[in-house]
Structures are given as C-alpha cells and as structure tokens.
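Reviewing the structure listed below.
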Amino acid sequence: MYPGVKNWIKRGQKVKGTVLLMQKNVLDINALTSATSATGLIKGGFKLAGGFTNTLIDTCTSTWGLSVAFRLISATSTDGSGKGKVGKKTYLEGLVTSLPILGAGQTAFDIHFEWDSEMGIPGAFYVENNMQGEFFLVSLTLEDIPNHGTIHFVCNSWIYNTTNYKTERIFFANKTYLPSETPAPLIYYRQEELKTLRGDGTGERVESDRIYDYDVYNDLGSPDKKASLARPVIGGSSNMPYPRRGRTGRKPSKKDPKSETRGDYFYIPRDESFGHLKSSDFLVYILKSASQNLVPQLRSIVTLQLNNPEFTSFDEVRSLYEGGFKLPTNILSKLSPIPFFKEVFRTDGESALKFPPPKVIQVNQSAWMTDEEFAREMIAGVNPHIIKRLQKFPPKSKLDRQLYGDNTSTITKEHLETNMGGVTVEQAIQNNKLYILDHHDSIYPFLRKINATDTKTYATRTIIFLQNDGTLKPLAIELSKPHPQADSFGPVSKVYLPVSEGVEASIWFLAKAFVVVNDATHHQLCSHWLNTHAVVEPFIIATNRHLSVVHPIHKLLLPHYRDTMNINALARNVLVNAEGIIESTFLGGAYSVEMSSSVYKDWVFTEQGLPHDLLKRGVAVEDPTSPHGLRLLIEDYPYAVDGLDIWAAIKLWVEEYVNFYYKSDAAIVQDSELQAFWKEVVEVGHGDLKNATWWFKMQNRAELIEACTILIWIASALHAAVNFGQYPYGGYILNRPTKSRRLMPEKGSAEYDEVSKNFQKAYLKTITPKNDALTDLTILEVLSRHASDEQYLGQRNEGELWTSDTLPLESFKRFGRKLAEIEQKLIGRNNDESLRNRYGPVKMPYTLLYPSSEEGLTCRGIPNSISI
C-alpha cells in the first residue's frame with residue numbers, strides 16, 4: 001500500500017478489483033525512427049515491457065495512486081432521480097507484479113471499493129485521470145460480488161486528463177442488453193454516453209475527442225497550395241455520390257470554401273487508433289513513412305542520379321528480386337533511418353535494394369505470360385469478382401447515348417468462333433460457356449481527360465470461353481478510345497484476337513496489358529478502396545452514435561471495425577489524395593476518386609453478400625440440391641467456391657447470435673437503438689443513395705441477419721480476397737501493370753517496328769515506368785502484410801470476456817472450429833490437381849481465403865477487419 005492511499009480506504013465492507021492499463025510511453029515512440037528497432041518490431045511484434053521497473057514503482061506512489069480515481073455505478077439501486085447510485089471515489093493501490101492474464105505492456109493495480117448491500121450490483125463505473133498525460137485503460141475486474149461472483153468491464157480505451165472531457169468517462173460491465181431490457185438504473189447512463197459520442201456537429205476535432213460524425217470527401221485536394229491540387233467534393237450530390245467519412249471539422253480552404261484544409265494530422269475518434277500499442281498501427285505508420293519519405297527518395301534516385309527512367313528488359317525487372325536495385329552509397333544514409341527499411345526491403349551488402357520475389361513468379365518466371373493465366377486471374381487473382389456471364393450478344397453499354405454515342409461492342413461472332421472449336425456463339429451462350437470482363441463503362445467517360453495527360457489508354461472488354469476442362473480461354477479483346485471529334489460520335493474501337501507467333505503475338509500480348517491496366521485500376525479504386533474501406537466507414541460511425549456498447553449488435557460488429565477509420569484516414573492523407581500514390585501510379589490520375597464515385601452510383605448493399613453477387617453476375621444459378629443453394633456455372637472458381645464456405649459459416653454464426661437476443665421479429669421493430677442506427681446508415685452515412693428501394697427496411701430478424709452477415713463479409717473475407725494478394729500478384733509489375741503510356745502501335749509505324757524488333761523494350765515503354773513501379777512495389781508490399789497481433793475471423797482480442805452470455809460464447813467457439821475445418825477443406829482442394837484453376841500455369845495455389853495466417857507477407861488469412 002502506498003503512503004496516503006490507505007487513509008482513503010475504510011476497511012469495512014469493500015469490493016476488491018484489479019485494473020489493467022498501459023502507459024502512453026510503454027512503447028518508446030523514438031524507436032520508430034530506428035531502422036534496427038523497427039525491424040525487430042515487425043519481426044516479433046511490439047516488444048512491450050510488461051509491468052514497471054523498480055525505479056518506476058516509486059514514481060507510481062505519487063502519480064498513479066493519487067491521480068486515477070474510480071467510482072462504481074449500481075445496476076440495481078437508484079438514487080432519488082432514478083439513476084443508478086454512484087459510489088465513493090476509490091484510487092489505484094499497489095502494483096500486481098504477477099498475474100496470469102497480464103498481457104505485453106500491461107500493468108495491473110489492486111483497487112478496493114467501498115460498497116455495501118444497499119448499493120446493489122455494480123453495472124458501470126466512472127474513471128478520472130488527473131495526470132497530464134493519457135493512459136490506455138484495458139479492463140477492470142471486480143471479485144467476489146455477493147450472489148454474483150466476478151464482474152468484468154472490458155474497456156480498451158484511452159483516458160485523457162479530465163479537463164479534456166465535457167462529460168465523465170463511463171464504462172459498462174460486459175453484460176449485453178437490448179434497450180428495452182436495460183436495467184432501469186443504467187438507462188440514463190446508456191443514453192448519455194451515446195449523446196457524448198454523437199457530439200453536436202460543430203467545432204474542429206482534437207486528438208482526445210471521441211466524437212463520431214459524418215462529412216463528405218472534401219479533403220482530398222489542396223487548392224490553397226496550387227490550382228492543380230484542387231479536387232471536386234466527392235459525396236453530397238447525385239452527380240458525384242459517395243459514402244460519408246468521419247468528420248474532422250477542419251477550416252475551409254481559402255480558394256475553395258467547399259473544401260477542407262489539410263495537414264499532417266487527420267482526426268479520428270481516439271479509440272479508433274491505439275497509438276502504436278499494436279503492430280497493426282505500426283504497419284499504418286510505416287505505410288505513411290514509405291509514402292512520404294521512401295518513395296520520394298527512390299523517385300529522385302531513378303530520375304536524377306541514375307538517369308535511367310526506363311526498364312530495358314524483363315531481366316532488369318526480375319533483378320529487383322534477385323540481385324537488387326543498385327543504390328548510390330550516399331543515398332543509403334538517407335534511407336536507413338526510415339522505419340522498416342531493413343525489413344520491408346532486403347539489402348545486399350551496402351549497395352542494393354532487393355524486393356521479395358512475388359509468388360506469381362516464384363515457381364515459373366514466364367508462366368504469367370500465358371493466356372490461361374491471364375484468364376485464370378479473373379477468378380483466382382486479386383480482383384476475382386468482376387467477371388460476368390455473357391447472356392446477350394453483342395455486349396451493350398449502359399452509357400448515355402446522347403453524351404457518349406453508341407457504345408455497343410464491335411466484337412462479332414466471327415471474331416469469337418474462330419477459336420471456339422466449332423461451337424457457335426448461340427450454343428456457347430445457351431450452354432453458359434461465354435463470359436466477359438467488362439471495364440468499358442467505368443473507364444470510358446473519363447478516357448478523353450485521361451488521355452490528355454501523359455497516360456494513354458483504352459476502355460476494354462474481354463470475351464472469355466469456358467473450356468471443357470474447366471479452364472478459361474480469352475477469345476477477343478476490344479480496345480476503345482474516344483472519337484477524335486467528340487464523345488457523342490461514339491468510341492473508336494478495335495478488336496484483337498489471340499495469336500501465338502510473330503509480331504501479331506506481341507500485339508495480342510500488348511492488348512492483354514491494357515486489359516490488366518483497366519483491371520488493376522478498377523481493383524484499387526473500386527474493389528479495394530470503395531467497396532470495402534469506404535463503404536464500411538459509415539456503418540462504423542452509425543454504430544458508435546446509436547448502438548450502445550452493451551447492445552448485442554454493437555458487440556457483434558465491433559471486431560470487424562478495428563483500425564478501419566485509422567487506415568482510411570491514412571488513405572486520405574497519402575493514397576487517394578491529390579497527387580497521392582494512386583493518382584500518381586494508376587491510370588485514373590487526378591480523376592481517380594471521381595471514377596470510383598461513378599461506380600458507387602450502381603452500388604447496392606444487398607448485393608454485396610457473396611451469393612447475391614454471384615447470382616447478379618450470372619456465374620451461379622439457384623439450385624436447392626447444390627451446396628449453399630447455388631450451382632456455380634464455372635465449377636472450378638476458387639474465389640467463389642472457397643468464399644461460399646466462408647459466407648455460410650459467417651451467416652450461421654450471425655443467425656445463432658441474432659436469434660439468441662431477438663426472440664421475435666417484433667423485437668427488431670421495437671429496438672429503438674437499432675432502428676436509429678439503420679435509419680442513419682441509410683439516410684446519412686450512405687445518404688446519396690437513400691432513395692434506393694433496395695435498402696432493407698429492418699423490420700425482421702432475417703433482414704438483420706443478412707445485413708450483419710454482409711457487413712462482416714465485406715470487412716473480413718471480401719477485403720482479404722482483394723487485399724492480401726496485391727503484392728503476390730501485382731508485385732511483379734509485368735504481370736499487373738498499373739498504367740499505360742502509349743497507345744497500340746499501328747502497322748507501318750515506328751512503334752510497330754519496335755515491337756517486332758525488341759518486344760520487351762516496347763512493352764516496358766508502354767506500361768508502368770520504373771519510378772512508378774518502384775512506388776507500387778513499395779506500397780503494395782506494406783498493404784499485403786499481416787501484423788503480428790492480427791485478429792483473424794473466429795478470434796476476439798477480449799477472449800471470452802466480450803459478453804457474459806454463455807450461449808453466444810459457445811456459438812462463437814463453434815464458428816472458430818468451423819473455420820478451422822473449412823481451412824483444411826481448402827487445403828485439400830489445392831492438392832487436387834484436377835482443379836487447374838486453383839494453381840494455374842504459375843503453380844500458385846489459391847490461398848487468399850484460408851482463414852488463418854502467420855504475420856508478414858503470406859498471401860492468406862482473413863483478418864476480422866479492414867486494418868490495412
């Protein structure tokens with residue numbers, strides 16, 4: 001017992017407790033500037049010191065013990081106003097030096113509360129921090145509560161000095177209540193905490209704030225710096241609709257009052273970022289460092305010092321992974337202090353920068369060039385959910401004819417039937433054998449503006465044939481560019497067919513590259529950024545504004561929100577901002593986010609679940625005799641086959657959970673918090689689409705189950721499928737180029753002659769240049785990594801303390817066991833050599849939906865949330 005503390009504790013009736021917390025400086029932030037320390041952190045996770053050193057114990061006597069106060073709040077006894085009784089202040093006591101549950105970096109304190117039988121059962125507590133600095137409160141555990149036993153309070157929250165808050169910091173026991181079932185003494189506290197989290201919609205947010213509110217994407221540009229950095233407001237209009245982001249309240253720009261000023265600090269509610277307590281935060285940190293420090297250095301080296309802006313051969317590209325990228329020695333001194341340099345990049349002696357070899361070339365360095373691999377990656381690559389069944393011929397466009405003319409495909413039956421082995425187009429359509437990868441409509445409206453820059457590209461359509469052996473074969477590629485006179489004249493299109501020999505084989509290969517550039521851009525802007533990161537953020541905001549922490553749906557969804565607002569803020573800072581990574585290295589350039597806005601116009605939440613997605617794209621049909629009620633028309637479709645198993649497991653878990661707390665459909669309608677949450681998601685968070693008729697009305701359990709399953713699917717499995725293969729496939733820039741710089745060569749031109757004489761050089765002059773390739777590799781590797789403390793689907797970092805209800809805990813354990821069974825099934829599929837699409841010519845098994853993973857660059861693993 002520390003001197004002075006004992007005077008505050010009357011040894012009458014008392015409740016013993018244990019407080020777990022972490023100091024702000026438990027990880028020395030200076031370690032982040034050390035390449036050596038950074039390497040260790042990435043390899044082994046954060047090496048956080050558990051407990052305090054002896055020299056710090058004395059300090060605790062005069063700081064922690066005197067400065068952190070707790071007051072229990074009753075869940076069963078009320079004061080005169082009907083609110084739960086509040087106990088007397090109690091302070092931290094002695095350090096607990098040995099505790100089985102003590103985690104890395106955590107410190108435990110004893111605490112004793114004055115509490116008698118008239119106070120009833122504790123259901124919440126207030127905490128005050130009177131120190132200058134903040135600390136991270138992990139949990140409070142109360143022991144030996146009469147007739148109740150142990151009560152757990154899971155906190156996981158930063159506690160700042162009391163003067164930073166307008167209301168008191170409160171935490172609730174790990175009980176779970178629908179609003180109508182909340183103990184009467186806690187109703188006031190439950191409602192007040194939600195009011196606090198909603199804020200009043202005014203003022204600029206500061207670091208210690210916990211307020212969740214909405215805003216449009218008006219912070220991507222920097223018009224006050226220069227005119228070329230101005231960007232339109234995305235969201236808030238029918239012309240440029242978009243999901244909402246978290247509000248920061250920064251001042252408007254001087255030159256464009258509709259835009260918000262930018263700075264290095266992007267506010268997110270404090271508990272959305274754990275501030276370098278977790279290695280997942282460290283990955284976000286190094287992503288920012290790479291974008292702001294390493295990438296400019298590399299570009300400077302290539303452009304100014306090496307004077308070698310182009311790759312000259314495929315061997316030179318492969319040398320990035322073999323011999324390394326040669327660096328001047330004076331540059332190493334600039335790069336070495338950058339965090340993660342020695343881990344994310346392997347140095348060879350002191351002169352080379354070496355990237356890890358992407359999986360796509362680890363077994364065979366040239367198999368990526370085959371037509372079979374080109375098509376296979378449409379169903380087993382990093383963007384596997386775009387391909388559609390072709391049900392009418394020729395393919396048509398949905399673009400406005402008055403604006404863009406007739407965009408009907410110019411591909412003819414004669415083009416296709418040349419390579420269909422005697423099958424007609426009509427027969428192939430009737431037998432579900434024709435498919436299309438169609439990026440035409442999403443790219444074409446922006447093409448004239450894009451091609452006015454250094455980027456030169458096309459809008460593409462690719463027709464695919466499903467062969468009898470289950471593999472896919474490309475039949476034709478259509479490349480379309482704007483008419484030289486005006487868009488209203490319709491596109492100028494040309495069709496390219498597969499050729500295996502001569503210069504025309506090289507021309508066909510170039511045509512495939514333009515398809516991949518379209519696909520890579522659509523993947524980064526839409527499949528990855530828009531359809532996972534951006535669409536989930538409004539749900540996170542609405543959950544925290546309207547679903548109490550004791551609400552069952554809040555507890556269900558919480559693991560799937562971890563770190564998402566954090567990485568999204570980082571994306572607005574360095575990835576999707578004006579002249580950021582995506583604008584600089586993908587074909588969309590300054591129009592990138594506008595392009596994703598045009599795709600969002602057709603986004604339908606109810607179709608984001610895998611079964612509906614497969615049906616909408618026509619790659620599956622309903623069949624009650626097939627697994628999961630669907631029959632895949634491409635039977636060997638790795639993403640779909642594996643994904644349906646994961647989807648079914650998620651949905652079963654959600655069904656059991658929802659049905660435990662909601663005994664009838666009427667309970668859904670009567671849940672005031674749930675109804676407020678859903679109303680705000682529809683009308684505000686995704687308000688630009690609020691008039692769509694497809695939104696769930698949230699009137700029954702089936703709708704709630706489907707909505708939660710879709711949301712968990714997006715945040716976990718869908719994000720995993722489109723994220724963690726980015727470097728394994730795209731780290732080899734030849735396989736997935738991100739931009740194109742010149743159009744297809746015409747016969748008789750110097751460019752055509754170059755293709756015939758030195759195809760590799762011509763190809764490299766067409767695709768992503770060296771500077772941008774190095775940028776892509778740097779960023780994609782970080783984005784494709786798992787943190788050492790990653791929480792995967794079927795896991796929770798609170799262990800079994802997230803709820804006190806036994807049946808949901810048992811159901812969650814079954815969910816985890818089911819996922820382990822599914823993983824073994826997936827491994828078995830990859831060992832079946834008859835399933836050629838699972839590994840393809842590159843001999844790269846489809847592992848992206850394996851639920852578990854180790855840390856690092858693994859090309860597998862389904863984290864709970866979008867954390868990178």
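The values are calculated or read from the model by the stated rules, or taken from the named source; none is laboratory data. Every value quoted in this text rests on a predicted model; they were computed, and no experiment measured them. Here Cβ is always computed from backbone atoms with ideal geometry, including for glycine, and neighbour counts include all displayed protein chains. Just so you know, the surface numbers come from the protein's heavy atoms only, side chains and all, with ligands and any DNA or RNA stripped out. Shrake-Rupley method; radii C 1.70, N 1.55, O 1.52, S 1.80 Å.
Per-structure values
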item	result
Residue in the stretch 170-189 that is touching a strand residue (DSSP E or B) at 6+ places or on another chain (Cβ under 8 Å), of a type outside the set (K, R) and more than 30 Å from Y662 (Cβ to Cβ) present	no
Residue in the stretch 571-580 that is small (G, A, S) and over 20 Å from the mean Cα position of the chain (by Cα) present	yes
The stretch 221-238: number of residues that are of a type outside the set (V, I, T), over 19 Å from V536 (Cα atoms) and out of contact with any Pro (no Cβ under 9 Å at 6 or more places or on another chain)	10
Residues satisfying the stated conditions in the stretch 435-468, i.e. touching a residue at least 40 places away in the same chain (Cβ under 8 Å) and open to solvent by 50 Å² or more (accessible area, probe 1.4 Å)	D438, K449, T453, D454, K456
Residues that are over 17 Å from D441 (Cα atoms) and either surrounded by fewer than 19 Cβ atoms within 10 Å (Cβ to Cβ) or free of Cβ contacts under 8 Å to residues at least 60 places away in the same chain (or both), drawn from the stretch 373-399	Q391
Wholly enclosed helices (runs of 4 or more DSSP H) of the stretch 715-826 bearing at least 2 residues within 18 Å of D315 (Cα to Cα)	726-730, 750-757, 759-766, 770-783
Qualifying residue in the stretch 527-540 (condition: of a type in the set (D, E), at pLDDT 95 or above and open to solvent by less than 10 Å² (accessible area, probe 1.4 Å))	yes
Residue within the stretch 272-294 that is among the acidic types (D, E), open to solvent by 40 Å² or more (accessible area, probe 1.4 Å) and modelled with pLDDT of 80 or more present	no
Members of the stretch 400-422 found to be over 24 Å from V492 (Cα atoms) and either touching a His at 6+ places or on another chain (Cβ under 9 Å) or touching a residue at least 40 places away in the same chain (Cβ under 8 Å) (or both), listed by number	N419, M420
Filter result for S672 (free of Cβ contacts under 8 Å to residues at least 40 places away in the same chain, hydroxyl-bearing (S, T, Y) and out of contact with any His (no Cβ under 6 Å at 6 or more places or on another chain))	no
Selection within the stretch 600-627 - under 18 Å from L849 (Cα atoms) and either open to solvent by less than 20 Å² (accessible area, probe 1.4 Å) or touching a Pro at 6+ places or on another chain (Cβ under 7 Å) (or both)	G609, L610, L614
Matching residues in the stretch 594-605 - criterion: being closer than 19 Å to P384 by Cα, in a helix (DSSP H, G or I) and not aromatic (F, W, Y)	S596, V599
All positions within the stretch 558-568 that are surrounded by fewer than 23 Cβ atoms within 10 Å (Cβ to Cβ) and at pLDDT 95 or above	L558, P559
Helices (runs of 4 or more DSSP H) completely within the stretch 619-694 that count 2 or more residues being under 29 Å from L530 (Cβ atoms), in contact with a Phe, Trp or Tyr (Cβ under 8 Å, 6 or more places away or on another chain) and at pLDDT 95 or above	638-661
Every pair of residues 6+ apart whose Cβ atoms lie under 6 Å, when the first sits in the stretch 559-575 and is farther than 18 Å from L780 by Cβ and assigned to a helix (DSSP H, G or I) while the second is of a type in the set (S, T, N, Q) and open to solvent by less than 10 Å² (accessible area, probe 1.4 Å)	P559/N864; H560/N864; H560/S865; T564/S865
Options V593, V550: the member that is more than 25 Å from T182 (Cα to Cα) and buried (at least 22 other Cβ atoms within 10 Å of the Cβ)	V593
Which listed residue, of T167, T176, is assigned to a loop (DSSP other than H, G, I, E, B), in contact with a helix residue (DSSP H, G or I) (Cβ under 9 Å, 6 or more places away or on another chain) and surrounded by 18 or more Cβ atoms within 10 Å (Cβ to Cβ)	T176
Every residue from the stretch 380-400 that is under 22 Å from the mean Cα position of the chain (by Cα) and of a type in the set (G, A, S)	A380, G381
Options A720, A762: the member that is open to solvent by less than 40 Å² (accessible area, probe 1.4 Å), of a type in the set (G, A, S), touching a residue at least 12 places away in the same chain (Cβ under 8 Å) and closer than 30 Å to Y637 by Cβ	A720
Wholly within the stretch 401-493, helices (runs of 4 or more DSSP H) carrying at least 3 residues that are over 37 Å from the mean Cα position of the chain (by Cα)	413-417, 425-430
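Here is a yes/no grid of residues against (1) surrounded by fewer than 23 Cβ atoms within 10 Å (Cβ to Cβ); (2) free of Cβ contacts under 8 Å to residues at least 24 places away in the same chain:
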position: V681; (1), (2): no, no
position: T693; (1), (2): yes, yes
position: N700; (1), (2): yes, no
position: I705; (1), (2): yes, no
position: I710; (1), (2): no, no
position: Y729; (1), (2): no, no
position: L743; (1), (2): yes, no
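Every residue, every condition in (1) in contact with a Leu (Cβ under 9 Å, 6 or more places away or on another chain); (2) surrounded by 24 or more Cβ atoms within 10 Å (Cβ to Cβ); (3) hydroxyl-bearing (S, T, Y); (4) farther than 30 Å from E272 by Cα, yes or no:
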| residue | (1), (2), (3), (4) |
| --- | --- |
| Q485 | no, no, no, yes |
| S506 | no, no, yes, yes |
| A520 | yes, yes, no, no |
| N544 | yes, yes, no, no |
